[in-house]
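Novice: Dumping the structure here so I can ask a few things about it.
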Amino acid sequence: MKFTVERDVLLGILKHAHSIVVRQDNTPVLASILISATDGRLTVKATNTDILAQTGCPADVEATGDGCVPLEPLFKLLQRLPARSVIVANGLSGSGMIEMRCGRSSFELPVLSASGFPDFPAGEEAGEVEVEGSLLAQAIGVPLHCADAADQRVFVNGVHIGPTADGTTLLGIATNGKRITRALLPLPAGWADLPAVMIAVKPAEEIVKLARAAKGPVKLRIGTSLLSASADDVVLTTKLLDARMPDCSQFFPPAFDGAVAFPAGQVIETLHRAEILADDQYRMVRIDVSGGELSIASRSTKGGAITDTLEVEGGDGIGFNGNVRMLREGLEAVGGDVVELFHAGPGAPIVMRARGGGPITALVMPTLA
């Protein structure tokens, strides 16, 4: 295997691989990428056994071949080489090494046989749909902060995405049992008959990156056990979680009568300040609305306290304790200049949306401590 490629191009196609490869894995091949050089093209594959990333770029290939190269040292060395430089790579026959040269710098890395690279299971495709990158990024990325990859309950390990039961709207939703964020968005043509699926946190993060960077539509292939997303010479294939999102619709109020309306940016900044002192186990903040003012207060277990007040509209009598980070992240997910917050009373969820309604609704359970 021998090829010549621009340093910036090679570094660019390794970005997804660098995010998913387990760099400290005891199995060397899982800490490596599979590089394949064919006529005029370089292809890179990386996997952590749950997600497979495949990218490629043009290259001047003098000798075809393939092999598994450790990603972490390769990525770091490329970062330290000059921008816009040219890399000449040459697999040293019989040595189990690949040599790479850039100007007066050269380095060698070990190469494992391509036959040891893990096979990714083939899934039965249920169908294909094309989605605008911004829409896909919103549907998956906005609720993603609620998912918890470490929880033993599988349904909180990722983001549920698919058509609503009536087949008219695209639903993206995630929860960790203490908060829920839901996105209701226009349903792309061709998605109504495809199944709703659940994507684990790490693959969801990579698909969001792909969607945000896409220069055109993202093509999704959705099956019963696998989902793949492709755009701009990048293909991400992930195993789907074997779980269903519980029906959470009963937690979202049909109307926001009695809600408080406030400037989102000011409250987010105020919550940032409150978060500095909210150091108890619940990260608790107290919020009260009275006489056209909203007060936000937190106290440190080590001494010290902070209280901020803002002018607001409505919501007189609302009062609750809540996790300051969850409340802030819920507001950030909702977006909009003015946000409405609804709280029906003790024990009831805190529900936030853009004023007058919007595609994103965030729900946070109060802290009862």
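Novice: Looking at this structure, is Q281 in the same structural domain as E332 (by TED's automatic domain parsing), under 24 Å from G336 (Cβ atoms) and either surrounded by fewer than 19 Cβ atoms within 10 Å (Cβ to Cβ) or within 33 Å of the chain's Cα centre (by Cα) (or both)?
Specialist: In short, no.
Novice: Answer yes or no as to whether L11 is part of a helix (DSSP H, G or I), more than 23 Å from S230 (Cβ to Cβ) and of a type outside the set (V, I, T).
Specialist: no
Novice: Could I ask something else about it? Residues being over 24 Å from I207 (Cα atoms) and either assigned to a strand (DSSP E or B) or not assigned by TED's automatic domain parsing to the domain that holds S105 (or both): count how many of those fall in region 25-40.
Specialist: 2
Novice: Determine which single condition P203 fails, assuming it passes every other condition in (1) over 27 Å from G357 (Cβ atoms); (2) surrounded by fewer than 20 Cβ atoms within 10 Å (Cβ to Cβ).
Specialist: Result: P203 passes all but (2).
Novice: Checking G141 against (1) small (G, A, S); (2) out of contact with any strand residue (DSSP E or B) (no Cβ under 7 Å at 6 or more places or on another chain); (3) surrounded by fewer than 17 Cβ atoms within 10 Å (Cβ to Cβ), which test does it fail?
Specialist: (3)
Novice: In addition: Looking at P163, P217, P143, P186 in this structure, which one is farther than 22 Å from S249 by Cα and at pLDDT 95 or above?
Specialist: Residue meeting the stated conditions: P217.
Novice: Please go through region 44-70 and pick out each residue that is surrounded by fewer than 20 Cβ atoms within 10 Å (Cβ to Cβ), part of a strand (DSSP E or B) and in contact with a helix residue (DSSP H, G or I) (Cβ under 9 Å, 6 or more places away or on another chain).
Specialist: G56, C57, P58, G65, D66, P70
Novice: Kindly list the number of the only condition in (1) surrounded by 17 or more Cβ atoms within 10 Å (Cβ to Cβ); (2) hydrophobic (A, V, I, L, M, F, W, C); (3) under 20 Å from the mean Cα position of the chain (by Cα) that fails for L194.
Specialist: Going through the list (1) surrounded by 17 or more Cβ atoms within 10 Å (Cβ to Cβ); (2) hydrophobic (A, V, I, L, M, F, W, C); (3) under 20 Å from the mean Cα position of the chain (by Cα), L194 breaks only (3).
Novice: Let me ask you something else. For residues that are among the hydroxyl-bearing types (S, T, Y) and at positive phi, tally how many sit in region 12-41.
Specialist: So the count comes out to 0.
Novice: So, one more: Taking the options A149, A213, A126, name whichever one is surrounded by fewer than 19 Cβ atoms within 10 Å (Cβ to Cβ) and either assigned by TED's automatic domain parsing to the domain that holds M352 or touching a Ser or Thr at 6+ places or on another chain (Cβ under 7 Å) (or both).
Specialist: A126
Novice: I'd like to check which strands (runs of 3 or more DSSP E) are fully inside region 283-366 and have at least 2 residues that are touching a residue at least 60 places away in the same chain (Cβ under 8 Å).
Specialist: 338-343, 350-354, 360-364
Novice: Turning to a different aspect of this structure: Does at least one position in region 340-360 carry a residue that is surrounded by 15 or more Cβ atoms within 10 Å (Cβ to Cβ) and under 12 Å from V267 (Cα atoms)?
Specialist: Yes, the conditions are met somewhere in region 340-360.
The values are calculated or read from the model by the stated rules, or taken from the named source; none is laboratory data. Computed from a predicted structure; not experimentally measured. Every residue, glycine among them, receives a Cβ derived from its backbone with ideal geometry; neighbour counts consider all protein chains shown.
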